[in-house]
1. Could you check how much of the accessible area of region 1-45 is carbon and sulfur, as a whole percent, using a 1.4 Å probe?
2. Within the accessible area of region 97-141, what % is carbon and sulfur when the probe is 1.4 Å and the other protein chains stay in place?
3. Once you list every other residue whose beta carbon is under 15 Å from the beta carbon of residue 38, what net charge do they have if Lys and Arg are +1 and Asp and Glu are -1?
4. Fully extended, how many nm does the chain gain between residue 6 and residue 99 (0.36 nm per residue separation, minus their Cα-Cα distance)?
5. Sticking with the crude label model, points 7 Å out along Cα→Cβ, report the distance from residue 109 to residue 154 in nm, one decimal please.
Amino acid sequence: ATAGGDKLVKVWTPELEPALCQVLESHSRYVTTLAFSSCGHFLASGSNDKCVKIWSDTGDCRQTSLSFHNTAPSRAENLYQVQLSKTERRPLQVLSGHSADVTSCDMCDGMLASGCNDALVRVWGWQQTSGRYQEADCSPLAGHKYAVYCVRFCGGGGARLVSAGLDGGIILW
């Protein structure tokens with residue numbers, strides 16, 4: 001998946017000659033970070049619009065297989081069809097709470113973490129009963145003095161999280 005200043009997330013086939021599979025459009029500002037879930041069911045995108053959006057292949061909580069490679073457009077597909085694919089895809093869920101640009105996100109075993117220019121790390125967990133991500137009781141994590149520019153889960157189960165900040169600090173949570 002790729003993203004950037006055009007506010008779009010583009011998902012590509014993994015072949016030697018990549019083909020565009022999906023164009024995901026919903027952010028109102030630059031998309032700054034992407035992360036696929038370890039289970040392959042979700043794609044998270046963070047943006048300067050202060051939120052993280054969760055995508056699935058159908059936008060339906062009951063069907064969450066990211067089978068983007070099965071929907072690759074043919075080489076003859078025209079611009080109208082690509083534009084149509086933009087309007088058909090909606091985020092499954094929008095995670096808000098950051099007060100500034102989201103700079104980094106990572107997913108691991110039903111957990112999602114995001115770092116932000118507000119110097120906080122937020123953590124969400126997948127709730128099987130609701131079929132949605134919910135902010136964890138421990139969130140937000142405060143410890144950095146300046147913007148958090150990287151978050152990564154380490155180890156299995158999302159039990160440990162590392163963040164790096166503009167303050168030069170690295171924190172193991």
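The values are calculated or read from the model by the stated rules, or taken from the named source; none is laboratory data. For clarity, every value in this text was computed on a predicted model and none was experimentally measured. Using ideal geometry, Cβ is built from the backbone for each residue, glycine included, and neighbour counts are taken over all protein chains shown. Each accessible area value is taken on the protein alone, full model and side chains, heavy atoms only, with ligands, DNA and RNA left out. Shrake-Rupley method; radii C 1.70, N 1.55, O 1.52, S 1.80 Å.
1. Numbers: 1220 of 2280 Å².
Answer for region 1-45: carbon and sulfur cover 53 percent of the accessible area.
2. 44
3. Counting the neighbours of residue 38, the net charge comes to 0.
4. 31.3 nm
5. Each label point is offset 7 Å from its Cα along the Cβ direction, giving 1.6 nm.
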